[in-house]
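Everything on this sheet refers to the single structure shown next.
The values are calculated or read from the model by the stated rules, or taken from the named source; none is laboratory data. Values in this document were obtained by computation on a predicted structure and should not be read as measured data. No Cβ is skipped: glycine too gets one built from the backbone with ideal geometry, and neighbour counts run over all protein chains shown. When the accessible area is computed, the model is the full protein with side chains, heavy atoms only, and any ligands, DNA or RNA have been set aside. Shrake-Rupley method; radii C 1.70, N 1.55, O 1.52, S 1.80 Å.
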Amino acid sequence: MVVTLVKGIIVVFPTGLGLVGNIFVLVHYILIFQGSEKKPIHLILIHLAFTNIITLFSRGMPRTVAAFALMNFLYDVACKILGYLERVAWGLSICTTSLLTVVQAITISPRASRWRRLQPRSAWHLLPLFLFFWMLNSLISMNLLFYIKNISSMNTSEIIRSDNDCYFQPHNWIIRWIFIVLMVLRDAVFQGVMGWASGHMVSLLPKHHQQVLHLQTSKLLHRTPPEVRAAQSVLLLMLCFLFFYWADCFLTLHLSFSLHKDS
């Protein structure tokens, strides 16, 4: 009983913390967006927080039920919906983060730069991009609707290994490889764009520092320039994102390909 309780707390605490944080961000930017100035970046942050909430909820629900040994109420349909939403929201998070980085890079570009022509004139111009992201990730994740089942609807002999009530049943290797390649291509493209935008911002900030150098007093010259701190923050955030993403990706792929082996 104590072990089950501890396991449940370990599972629920980070998920609950993430949900509270993202709900706070979502409500905060919705209130700002309702004001007179509707910036594109505010709508992007609202969409990003919303997708993070879906990811945390759909991933945390089956694990919470299993960790606390609660009555299994996740039937086949619920398992399919939660698994599908988790994969779709995960892809949306990658796409939205990439879009956020690109918009930030365009915003700080010089006015004479050709990249400023790509800056959305209003937040509503981003809606077609969001629709494209939803369609793309919905298609890439559609295989989960056919291969996720609830363990209560399966024979014991069919279950190789499962840590929650929703089980991903191994399927045809050709189909698996097709969807894996599609996911890798999606992530490579959007993370490549994210890397370019981050590099573009880092290259612009020192130039801006050189332009305003003559306006600074001698006292400020001995301090670390804010442009340098900003460039360091951009690089640190991008590296952290890429590290945690690829660590999760490799772990997921390892578990996916080891499903046919006994635990």
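When nucleic acids and ligands are ignored and a 1.4 Å probe is applied, ILE108 ends up with an accessible area of around 80 Å². With the simple model of a label 7 Å out from the Cα in the direction of the Cβ, PHE132 to GLN119 spans 2.1 nm. Given R0 = 30 Å, the distance between the Cβ atoms of VAL20 and ALA112 translates into a calculated FRET efficiency of 0.10. Take CYS240: with every protein chain present and a 1.4 Å probe, its accessible area is about 60 Å².
For VAL193 and ALA247, compute 0.36 nm times the residue count separating them, minus their Cα-Cα distance, and round to one decimal in nm.
Working: separation 54, 0.36 × 54 = 19.44 nm, distance 1.97 nm.
Value of the extension gain: 17.5 nm.
Ordered from highest to lowest accessible area with the whole protein assembly present and a 1.4 Å probe, LEU185, LEU48 read as LEU185, LEU48. Remark: accessible surface ordering of ILE10, ILE94 (largest first) is ILE10, ILE94, probe radius 1.4 Å. The packing ranking of peptides 32-45, 117-130, highest mean first, is 32-45, 117-130, where packing means the average number of other beta carbon atoms within 10 angstrom of each residue.
Ligands, DNA and RNA excluded, the heavy atoms of LEU242 present near 40 Å² of accessible surface to a 1.4 Å solvent probe.
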